Amino acid sequence: MSNSGIIIKHTTFRENDEILIIFTSNGKTSLVAKGIKGGKRKSLCEVGNWIDFDYVKGKAFNILTEVVLKEGFYYQKSKYPFHIFYLCELLSKFERENEDEKYIFHLLVESLDNLSRKPDLSIVFFNLKFLEYEGVMPDLFTCPRCHESLSKNIQNVFYGGSIYHNTCTDSFNGISVDCIKLMRFISSCSHYKDINVSSDCLKECIFITCNLIEEFFGLTLKTRLYFN
Ligand SMILES: [Zn+2]
């Protein structure tokens, strides 16, 4: 089979058909899966699954012909119910003209795979690497108001996509030293590393990085609310 991708969304289309949105290393593609409802292929074509597939050109939509399951990430959903759907919702809503998505595709596969180890850590890695790749990572070392180092301050403030000294802004959204340390560490890694971090720190880091993604890309992600 000549194509490979992760199903990030499916919607009903006519009575027994669905439209699948598939994220591949060449970007997103939409295909109609005819007669999928109630058919054998339904269980393969769930959100989060990695499939190999073929299609033929149709008038309005391309039509799925062959499909083989490569990795059934969806079947693990009971262990980390929100994580798979968060990653897929983010990529289904993130729109841009780009035909080379090799980096994001590999990041998605790696992150889905890492959910079986530490699901929350995998989401933080994904968010930070995504922000970095898109060129919108905030400065984790310097306060944008006074241009002094953040490292000596115990309590900093996260506001409008930047991190400030608490004395440099009127906002009260604190960001912990541990959260900043974790974000710095992940920024310094080229790949996922299994590290020990408290669940509170991971929750905070998910909150901050999801905020950054929503803010920079103008998205509203329903699934991120599950992490709170
Ligand atoms: Zn400052």
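Taken together, the values in this text are just the output of simple stated rules run on the coordinates, not laboratory data. All figures in this text were calculated on a predicted structure; none of them were measured in a lab. In this analysis, Cβ positions are derived from the backbone assuming ideal geometry, glycine residues included, and neighbour counts consider all displayed protein chains.
Which chymotrypsin sites (Phe, Trp or Tyr not before Pro) in region 86-180 pass both tests, a DSSP loop state and at most 14 other beta-carbon atoms within 10 Å?
Within region 86-180, the qualifying chymotrypsin sites (Phe, Trp or Tyr not before Pro) (loop, at most 14 other Cβ atoms within 10 Å) are Phe141, Phe172.
Quick check on region 3-75: take the gyration tensor over C-alpha atoms, sort the square-rooted eigenvalues as a ≥ b ≥ c, and tell me if it's rounded (a/c under 1.5), prolate or oblate.
It is oblate, given that a/c is not under 1.5 and a/b is not larger than b/c.
7 Å from Cα along Cα→Cβ at both Phe13 and Val177: what's the point-to-point distance in nm?
Taking the simple label geometry, Phe13 and Val177 are separated by 5.4 nm.
Under 23 Å from the Cα of Lys79, which lysines turn up, not counting those fewer than eight places away in the same chain?
Within the straight-line limit of under 23 Å, Lys79 reaches these lysines: Lys9, Lys42, Lys70, Lys118, Lys193, Lys203, Lys222.
Using a/c under 1.5 as the rounded threshold, could you call region 140-222 rounded, prolate or oblate? The axes a ≥ b ≥ c are square roots of the C-alpha gyration tensor eigenvalues, and prolate needs a/b larger than b/c, oblate otherwise.
It comes out oblate by the Cα gyration axes.
Mind checking which of Val197, Val124, Val109 has the largest fluctuation in a GNM of the chain, springs on alpha carbons under 10 Å?
Among Val197, Val124, Val109, the largest mean-square fluctuation in the Gaussian network model of the chain belongs to Val197.
Treating the beta-carbon of each Lys and Arg as +1 and of each Asp and Glu as -1, no other charges, what is the dipole magnitude of region 1-113 about its Cα centre, to the nearest 20 debye?
Roughly 440 debye, rounded to the nearest 20.
Any idea how far the Cα center of region 64-115 sits from the one of region 159-228, in Å?
What the calculation gives is 22 Å, centre to centre.
Using only Cα atoms and rounding to the nearest 10 degrees, what angle (0 to 90) does helix 102-114 make with the longest principal axis of the chain?
Computed tilt is about 80 degrees.
Give me the percent of DSSP beta bridges within region 1-77 that run antiparallel, rounded to the nearest 5.
Bridges in region 1-77 that DSSP calls antiparallel: roughly 95 percent.
May I ask for the angle, rounded to the nearest 10°, between helix 81-93 and the longest principal axis of the chain, with both axes built from Cα atoms and the value confined to 0 to 90°?
Relative to the chain, helix 81-93 is tipped by roughly 80 degrees.
Mean residue ellipticity at 222 nm from the helices of the chain, using -39,500 (n - 2.57) per DSSP H segment of n ≥ 4 over the full residue count, to the nearest 500 deg cm²/dmol?
-10000 deg cm²/dmol
Which of Ser171, Ser78, Ser162 moves most in a GNM of the chain, Cα contacts under 10 Å?
Ser78
Helix 199-217: angle to the longest alpha-carbon principal axis of the chain, degrees 0 to 90, nearest 10?
70
Between rounded, prolate and oblate, where does the chain land on the alpha carbon gyration tensor, with a ≥ b ≥ c its root eigenvalues, rounded for a/c under 1.5, else prolate if a/b exceeds b/c?
Judged from the Cα gyration tensor, the chain comes out prolate (a/c at least 1.5, a/b above b/c).
Using a Gaussian network for the chain with springs between C-alpha atoms less than 10 Å apart, which of these wobbles most: Lys181, Lys42, Lys57?
Greatest mean-square fluctuation among the candidates belongs to Lys57.
Set Lys and Arg Cβ to +1 and Asp and Glu Cβ to -1, take the dipole of the chain about its Cα centre, and tell me which of Gly35, Ile180, Cys88 lies farthest positive.
Gly35
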